[in-house]
Every structure is written in C-alpha cells, then in structure tokens.
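Q: Let me give you the structure first, and then I'll get to my questions.
The values are calculated or read from the model by the stated rules, or taken from the named source; none is laboratory data. These figures come from a predicted structure and were not determined experimentally. Heads up, the Cβs are rebuilt from the backbone with ideal geometry, glycines too, and the neighbour counts pull from every protein chain shown. Side chains included, ligands, DNA and RNA excluded: accessible areas come from the protein's heavy atoms. Shrake-Rupley method; radii C 1.70, N 1.55, O 1.52, S 1.80 Å.
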Amino acid sequence: MQTSTLLKPNCYVNDAGFDWLYPERIQQLSRRHWTPLSIAKAAARFLANEPGKKILDIGSGVGKFCLVGARFYPGTNFYGIEQREELYQHALEAKAATQIRNVSFIHGNFTQEDFSAYDGFYFYNSFFENLVDQDQIDNNVEYSTSLYNYYSRFLFKKLESSASGTRLVTYHSLEDEVPPCYQMVDASTDLMLKMWIRR
C-alpha cells in the first residue's frame, strides 16, 4: 500500500485531523455536511467487497468519503461527483495533499453520469438541502422541494435499472430514492447508516 498521508500524517486518525486538509470555512461545515470518518470507513468496507469495484459518491462535496474509502481500500476505485465548483476544487486539492491514486473527482450534476459504469453507490442525502430553510452549504445552487422530488425520482430510476448485486449505502436518507428491489442487509444501531443490495 502506498503512503497516502505524506503531508498530513494524522488526517485519518479522527475527523478533526482530516478537516485540516481544508480551509477554515470548509472545516466549519464538516459536522453537518461531510461524512464522519467512522461512517466513511464502514460504508467503504461494505461497498469495496471485492477488488476492482468502482464506487460512485453521489454529491461528493469536498471528497471526504472517497478519500477515506480509497485510503483503506486501495484495490477499489472511488469516484465522486459534485456540482459545486468550489467543493470540487477542494476535493482535488485534498487528493493532491494525500497523494491518493485510486480516487477521481468529477465536476457535474449526477443526472449526467452513466450509472452503469459503477458497481456501487454511496449517498449521504445530498438532496436534503432542498427541504430546509437553513444550514445550506452556500447559495450557489437552486433549492426547492420540487428539485428534491426530481432528484429523488431520478436517482430511484437509476438505481432501479442497476444490475442485480449492485451495492448501495445511504446515510441520513429519507429513502425516497431507494427502490423496493434493494434489500437492506445491514444498518447502524441508530438506523442512520444503511447497507443495501439490489436483488
């Protein structure tokens, strides 16, 4: 395994250490918007069940889940798609700082991505910002209930058309995007983190 913490030797020890990869404003958003280290490790362990898998993080923000997953599962390729240019750039900078190779970031809307290219998906409810009046990351994207519904229906259809055996992890999801063809096979004790397999 390559040394991927060359510049930040403590960044995988705890969330505070990892947050030092980012500017202060991004650090302040961490608790609410970025995946906790323990959750990222658990989700990646489930998704990276075999070497060579390709995993997509839908709404990857500053890339935390992908960078953590790629660090601990070097045989798996992690991809993150993020529509905000600023967050995408922060993800690229964190990738450079950690020197992780098996991770890629895509700047774009997930609706433009080819889901058939991936074996599994991670979803930390990136649509939820459309349902609340506060605590959004920024004001650079549109927010609305109708957009939440559109994104949820779109993801539902994409997941429904995925191959049997496709793995999905949801975190803090309302499950509007999870088709009934996905069977929940594991969950955290508080039921915030759920693991699914498409039948």
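Q: Not counting ligands, DNA or RNA, and with a 1.4 Å probe, what is residue 73's accessible surface area in Å² rounded to the nearest 10?
A: Residue 73 has an accessible surface of roughly 60 Å² with all protein chains in place.
Q: How many lysine pairs does the chain hold where the Cα atoms are under 20 Å apart and the two sit 8 or more places apart or on different chains?
A: Final tally of qualifying lysine pairs is 21.
Q: For the residue pair residue 146 and residue 49, what label-to-label distance in nm results when each label sits 7 Å from Cα along the Cα-to-beta-carbon direction?
A: 4.0 nm
Q: Considering only the range 72-199, what is the antiparallel percent among its DSSP beta bridges, to the nearest 5? Spell out each step's value before the answer.
A: On the way: 10 of 20 bridges.
In the range 72-199, approximately 50 percent of DSSP beta bridges are antiparallel ones.
Q: Classify the chain as rounded, prolate or oblate, taking a ≥ b ≥ c as the square roots of the eigenvalues of its Cα gyration tensor: rounded when a/c is under 1.5, otherwise prolate if a/b is larger than b/c and oblate if not.
A: Values: a/c = 1.60, a/b = 1.16, b/c = 1.37.
Oblate shape, in that a/c is at least 1.5 and b/c is the bigger or equal ratio.
Q: Can you give the accessible area of residue 38 in Å² (nearest 10), computed on protein heavy atoms with a 1.4 Å probe?
A: Here the accessible area works out near 80 Å².
Q: Using the Cα centre of the chain as origin and beta-carbon charges of +1 (Lys, Arg) and -1 (Asp, Glu), tell me which of 52, 118, 197 is placed farthest towards the positive end of the dipole.
A: Farthest along the dipole direction, towards plus: 52.
Q: From Cα pairs below 8 angstrom and at least 6 apart in sequence, can you work out the relative contact order of the chain, rounded to a whole percent?
A: Values: 345 pairs, mean separation 35.0, N = 199.
With pairs under 8 Å counted, the relative contact order is 18 percent.
Q: What does the charge add up to near residue 41, with Lys and Arg as +1, Asp and Glu as -1, over the other residues with Cβ less than 12 Å from its Cβ? Write down the numbers at each step before the final one.
A: Values: positive: 45, 64, 71; negative: 15.
That works out to +2.
Q: Before rounding to the nearest 500, sum -39500 (n - 2.57) across all DSSP H runs of length at least 4 in the chain and divide by the residue total; then give [θ] at 222 nm in deg cm²/dmol.
A: Values: 7 runs with 64 residues, N = 199.
Calculated at 222 nm, the ellipticity per residue is -9000 deg cm²/dmol.
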